[in-house]
């Protein structure tokens, strides 16, 4: 446990000193702890300094001539066990309490004994500002204390703060991901969010490692995480693995996830129509699946605004030919058309599609 805490302190120190890995982005309004799918914190005031935990080397016992022990007396294991018991008992009472003020009192007691989860829950309390006045500086103090106590959710949140350049951290995407990796074996949510990051399922961040992303999303899905099942289904669809997408999307749909239900319905229709060439082929012999795959490949790799416009046109061609998944993708990237309409006028899409059909694009 001590080695892990020290490692987290070292990683945080290194990545904070490494400087910006990418240009800072504007923080969003909604605080991180209140997000379900994309964790974010709205930082106020100056940065909170993180003080790395100092781990003392053990001092060897020495005997003096009169028989008295020299140096520091060893800590009795029974004392450590008693502190741990107090920590766990107060946390259990907090989680079981139906009175909100009493819950916070027990959380504060558990945190005073060094309980990481209690510190994390208090960080949420002071971020949300419902049961106590909103205090983001105090929330950050509890968050860092929780991470130092090896709480995986706190570690995940600090990773996001670094990725987004929030709460006093300079933006450092790679450093934030490295911090999140330290929590991935203990947090299903971290598996899901790292999986989505590596799979390029978040709009703002492209880590371009879909193999690693799929592995993490599979872990979270196998653990019963519904959002991970939805994300895995989306990844499979983007990769043209429609048959494999059915299982995770069906699982999420059974858990009443509406987005999964819509994708599943479109997927079923696409699979049912897969053998209908009259609906899926152009006179020149090109087919909607080819256009769909070309567009998906563009969106999966690092791409420019022009690339997005081309992908939108390819999806549009596929949708015109009856490709249901292409229609779903058009809805997901509708912002591309809005931007291009403003820049080039509403006729750009027809012109782009014609150039694609003629082979000049």
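Dividing the Cα convex hull volume of the stretch 127-222 by residue count, how many Å³ per residue is that?
Details: hull volume 10.5 nm³, N = 96.
Output value, Cα hull per residue: 109 Å³.
Taking the alpha-carbon set of the stretch 280-358, what are its Rg and Dmax in Å?
Gyration radius and largest Cα-Cα distance of the stretch 280-358: 11.7, 33 Å.
Jot down the per residue volume, in cubic angstrom and as a whole number, of the convex hull over the alpha-carbon atoms of the stretch 146-192. Intermediate values should be presented prior to the final figure.
Numbers: hull volume 2.9 nm³, N = 47.
With only Cα atoms used, the stretch 146-192 gives 63 Å³ per residue.
May I ask for the Rg/Rh ratio of the stretch 187-272, computed from Cα atoms with Rh as the Kirkwood radius, given to two decimals?
Numbers: Rg = 11.9 Å, Rh = 12.5 Å.
The Rg/Rh ratio comes out at 0.96.
So for the pair residue 354, residue 244, with labels modelled 7 Å out along Cα→Cβ, what separation do we get in nm?
4.0 nm
Ranking 202, 126, 312 by Cβ neighbours within 10 Å, fewest first, what do you get? Provide the component values of the computation, followed by the final result.
Numbers: 202 15, 126 22, 312 26.
Fewest to most other Cβ atoms nearby, the residues stand as 202, 126, 312.
Relative to the present Cα-Cα distance, how much length would full extension add between residue 297 and residue 259 at 0.36 nm per residue of separation?
On the way: separation 38, 0.36 × 38 = 13.68 nm, distance 2.26 nm.
Between residue 297 and residue 259, full extension yields an extra 11.4 nm.
With r as the distance between the Cβ atoms of residue 344 and residue 128 and R0 = 30 Å, compute the FRET efficiency 1/(1 + (r/R0)^6) and round to 0.05. Show your work: numbers first, answer last.
Values: r = 44 Å, r/R0 = 1.46.
For residue 128 and residue 344, the calculated efficiency is 0.10.
For each of 333, 338, count neighbouring Cβ atoms within 10 Å of the residue's Cβ, then give the residues from fewest to most. Before the final figure, lay out each step's value.
Working: 333 15, 338 9.
Fewest to most other Cβ atoms nearby, the residues stand as 338, 333.
State, as an integer percentage, the relative contact order of the stretch 177-269 based on alpha-carbon contacts under 8 Å between residues 6 or more apart.
Working: 121 pairs, mean separation 16.7, N = 93.
Relative contact order of the stretch 177-269: 18 percent.
Please state the relative contact order of the stretch 280-358 as a whole percent: Cα pairs under 8 Å, 6+ residues apart?
Details: 75 pairs, mean separation 22.1, N = 79.
RCO, the stretch 280-358: 28 percent.
Bear in mind that the values in this text are calculations on the coordinates, not laboratory data. What you see is a predicted model, and the numbers here were worked out from it, not measured in a lab. Using ideal geometry, Cβ is built from the backbone for each residue, glycine included, and neighbour counts are taken over all protein chains shown.
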